[in-house]
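Readers should treat all values here as calculations from the given coordinates under stated rules, not as data from a laboratory. Because the structure is predicted, anything quoted here is derived from the model rather than measured. Because the Cβ atoms are built from the backbone with ideal geometry, glycine has one as well, and the counts that use them run over all protein chains shown.
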């Protein structure tokens, strides 16, 4: 069995002290070892120009952007923490992940997607996130009192950055919410959890998105995050809620 080098042992100790997960520790060790093997020298004898050359090599070899940035994280930790060179990590550049435009759902696909959600409560929550442009956490955190039909707004408390804000309540969404309220009669939380003492778990919406996409036969990626960025379709109505479970 090969004896562990003092440098490797020190890096493991540094990662353990900082409570890095076992998976991340393995990833960091693998990246630094790969860096060392590429030059055939101990990594403590390699400098910034070597790091840059290694990055160029990885990019030319077709490494994915997330994997490249994972290597950058490992090298920044190695130089900054294990070797104690505080000035080096900031000079090891991360790769900028190329932006990709999300696949856009048509109005028909939106309706098919929402109709494929079997639960009335979950479907209404997703419809609200879609029509009002809410984040998943914002949608599940709504109370009945947050729906201001007189002013045509929805009050969102503790949104991004912990700030409160008002969003527009369309006539179509108001009709859907009224139909939902007549059927479900939620007392406090608009979308209550099973025990009724708190809101529905946000993970329920994420799971519903995955299942509904498959059930509706949609091959595009659909999440609560991407759903809220689609433009609300004008054909939506509350009629398909009446016979829901």
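Normalised by the residues of the chain, what does the relative contact order come to in percent, with Cα pairs under 8 Å and at least six apart? All intermediate terms of the calculation are to be shown ahead of the outcome.
Details: 271 pairs, mean separation 47.3, N = 245.
So the answer I get is 19 percent.
Between residue 106 and residue 42, what's the calculated FRET efficiency when r is the beta-carbon distance and R0 is 51 Å? Round to 0.05. Don't skip to the answer; put the middle values down first.
Values: r = 57 Å, r/R0 = 1.13.
Efficiency, from the Cβ-Cβ distance: 0.35.
Relative to the first principal axis of the alpha-carbon coordinates of the chain, what is the inclination of helix 22-39, with its axis defined by its Cα atoms, in degrees from 0 to 90 and to the nearest 10?
On a 0 to 90 degree scale, this one is about 40.
Per DSSP helix of 4 or more residues, -39500 (n - 2.57); summed, then divided by the residues of the chain. What does that give at 222 nm, rounded to the nearest 500? Kindly include the intermediate steps, with their values, before the conclusion.
Values: 10 runs with 115 residues, N = 245.
Value at 222 nm, helices only, nearest 500: -14500 deg cm²/dmol.
Taking 35 Å as R0, compute the FRET efficiency from the Cβ-Cβ separation of residue 135 and residue 17 and round it to 0.05.
Details: r = 35 Å, r/R0 = 1.01.
That pair, residue 135 with residue 17, gives E of 0.50.
Return the whole-Å distance between the Cα centroid of region 5-30 and the Cα centroid of region 40-79.
Distance between centres, Cα-based: 17 Å.
Round to the nearest 10 and give me the degree value, 0 to 90, for the angle of helix 6-17's Cα axis relative to the longest principal axis of the chain.
30 degrees
Kindly express, to the nearest 10 degrees and within the range 0 to 90, the angle between helix 202-215's C-alpha long axis and the longest C-alpha principal axis of the chain.
The answer is roughly 80 degrees.
Tell me the Rg and the Dmax, in Å, that the Cα atoms of region 128-195 produce.
According to the Cα coordinates of region 128-195, Rg and Dmax are 11.4, 34 Å.
Cα extents of region 58-183 along the three principal axes, largest first, in whole Å?
Result for region 58-183: principal-axis Cα extents of 64, 33, 22 Å.
What distance in nm lies between label points placed 7 Å from Cα along the C-beta direction at residue 183 and residue 34?
With each label point 7 Å from Cα toward Cβ, the separation is 5.0 nm.
Test of understanding: ordering 220, 24 by Cβ neighbours within 10 Å, fewest first, what list do you get? Intermediate values should be presented prior to the final figure.
Values: 220 13, 24 16.
Fewest-to-most ranking of 220, 24: 220, 24.
With the alpha-carbon atoms as the only input, what is the per residue convex hull volume for region 107-241 in Å³?
So the per-residue hull volume is 103 Å³.
Could you give the Stokes-Einstein D for the chain in µm² per second, using the C-alpha Kirkwood radius, 10 °C, 1.306 mPa s? Please report the intermediate quantities before stating the final value.
Values: Rh = 21.8 Å.
Using the Kirkwood radius from Cα pairs, D works out to 73 µm²/s.
Given labels modelled 7 Å from the Cα in the Cβ direction, how far is it in nm from residue 215 to residue 166?
Here the answer is 3.6 nm between the modelled labels.
Consider just the alpha-carbon atoms of region 21-69 and return their Rg together with their Dmax, both in angstrom.
Just the Cα atoms of region 21-69 yield Rg and Dmax of 11.2, 30 Å.
For region 6-91, taking Cα atoms only, what is the radius of gyration to one decimal and the Dmax to the nearest whole Å?
Radius of gyration, then largest Cα-Cα span, for region 6-91: 12.2, 35 Å.
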